[in-house]
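**Q** Here it is: the structure, laid out below.
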């Protein structure tokens, strides 16, 4: 029995070690390379632990490049996408599940069908629509596009959470005189907090990493987001690896901070939503 427990503990430790290496090793490699001197970065023999130490790449990135502007634009687009997606998804999911009206199931099926079309197929018609609305080269266009692609999945996930909340709670709130909106905000949302957190993180990361529409809809350098801005660092004949690695480190930092704050709710939301 003791041998079985030791073997199980060893397997769990090995699994956690493998997961840590798989997840954290790329981040460590990028960060460690970003604080190396240029000569060490391009050396023939890679070094796991930096032999040199310098902040020159970060100084150049923040002081002599447009990275702060790209970071600001990405934050605006990602936060705007996250807030609008959460509001729309909560209202839509609650309405589709709790309210009874003709065509409810059809609408829900249509929402799921939207994921059958790759985004690249919609690039030209969406560009034409946004051009007609004079939204080309604006962050509002990116927010609209990101919400369009993030909202269907968010509605599907939140609807699964609302199904687990007993109907008796809403009936009790109605007897106490609460309106639909009060019931949703005061009762449903706290109980569906893991699902709301999952939707928020999903929408933020989707907007933070989106490249295709950002590279087409944004024309001026002052409105570029991080993925497009970092791609511009890669030149045709040479690459400033130190600058690129420093930018990649700072780009990954907000996502890591977000996961450290609400990552537990994100995991709970994915596992719970998958089982509903």
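The values are calculated or read from the model by the stated rules, or taken from the named source; none is laboratory data. Because the structure is predicted, anything quoted here is derived from the model rather than measured. Note that each Cβ is placed from the backbone with ideal geometry, even for glycine, and that neighbours are counted across all protein chains shown.
**Q** Name the residue that is farthest from the chain's Cα centre (by Cα), counting only residues in the range 172-194 that are in a helix (DSSP H, G or I) and exposed (fewer than 13 other Cβ atoms within 10 Å of the Cβ). Before the answer, list the steps.
**A** Taking the range 172-194 first, the residues in a helix (DSSP H, G or I) are 172-175, 180-191, 193-194.
This time we only want the ones that are exposed (fewer than 13 other Cβ atoms within 10 Å of the Cβ), so: 175, 181, 186, 190.
Numbers: 175: 39, 181: 28, 186: 26, 190: 22 Å.
Applying the filter and picking the extreme gives 175.
**Q** State the number of residues belonging to the range 1-49 that are outside any helix (DSSP H, G or I) and modelled with pLDDT under 75.
**A** Keep residues of the range 1-49 that are outside any helix (DSSP H, G or I), which gives 1, 35-37, 42-49.
Remaining after also requiring modelled with pLDDT under 75: 1.
Result for the range 1-49: 1.
**Q** Same structure, new question: Output the number of residues of the range 100-124 satisfying the condition of being in contact (Cβ under 8 Å) with a residue 60 or more places away in the chain and either surrounded by 13 or more Cβ atoms within 10 Å (Cβ to Cβ) or not in a helix (DSSP H, G or I) (or both). Please lay out each step first, then the result.
**A** Taking the range 100-124 first, the residues in contact (Cβ under 8 Å) with a residue 60 or more places away in the chain are 119-120, 123.
Next cut, either surrounded by 13 or more Cβ atoms within 10 Å (Cβ to Cβ) or not in a helix (DSSP H, G or I) (or both) only: 119, 123.
Residues in the range 100-124 being in contact (Cβ under 8 Å) with a residue 60 or more places away in the chain and either surrounded by 13 or more Cβ atoms within 10 Å (Cβ to Cβ) or not in a helix (DSSP H, G or I) (or both): 2 in total.
**Q** Restricting to the range 62-80, and then to whatever is closer than 19 Å to residue 242 by Cα and crowded, with 22+ Cβ neighbours inside 10 Å, can you tell me which residue is modelled with the highest pLDDT?
**A** Selected residue: 70.
**Q** If residue 218 meets every condition in (1) within 24 Å of residue 139 (Cβ to Cβ); (2) at pLDDT 80 or above; (3) under 13 Å from the mean Cα position of the chain (by Cα) apart from one, which number is that one?
**A** (3)
**Q** Which numbered condition trips up residue 168, out of (1) touching a residue at least 24 places away in the same chain (Cβ under 8 Å); (2) exposed (fewer than 14 other Cβ atoms within 10 Å of the Cβ); (3) over 30 Å from residue 221 (Cα atoms)?
**A** Condition not satisfied by residue 168: (1).
**Q** Let me ask another. Which condition does residue 89 not pass, out of (1) in contact with a helix residue (DSSP H, G or I) (Cβ under 7 Å, 6 or more places away or on another chain); (2) part of a loop (DSSP other than H, G, I, E, B); (3) closer than 26 Å to residue 193 by Cβ, if it passes all the others?
**A** The number of the failed condition is (2).
**Q** Then there is this: Restricting attention to the range 50-59, report how many residues are assigned to a helix (DSSP H, G or I) and surrounded by fewer than 16 Cβ atoms within 10 Å (Cβ to Cβ). Spell out the reasoning first.
**A** Quick first cut of the range 50-59, residues assigned to a helix (DSSP H, G or I) only: 56-59.
Then keep just the ones that are surrounded by fewer than 16 Cβ atoms within 10 Å (Cβ to Cβ); that gives 56, 59.
Selection size over the range 50-59: 2.
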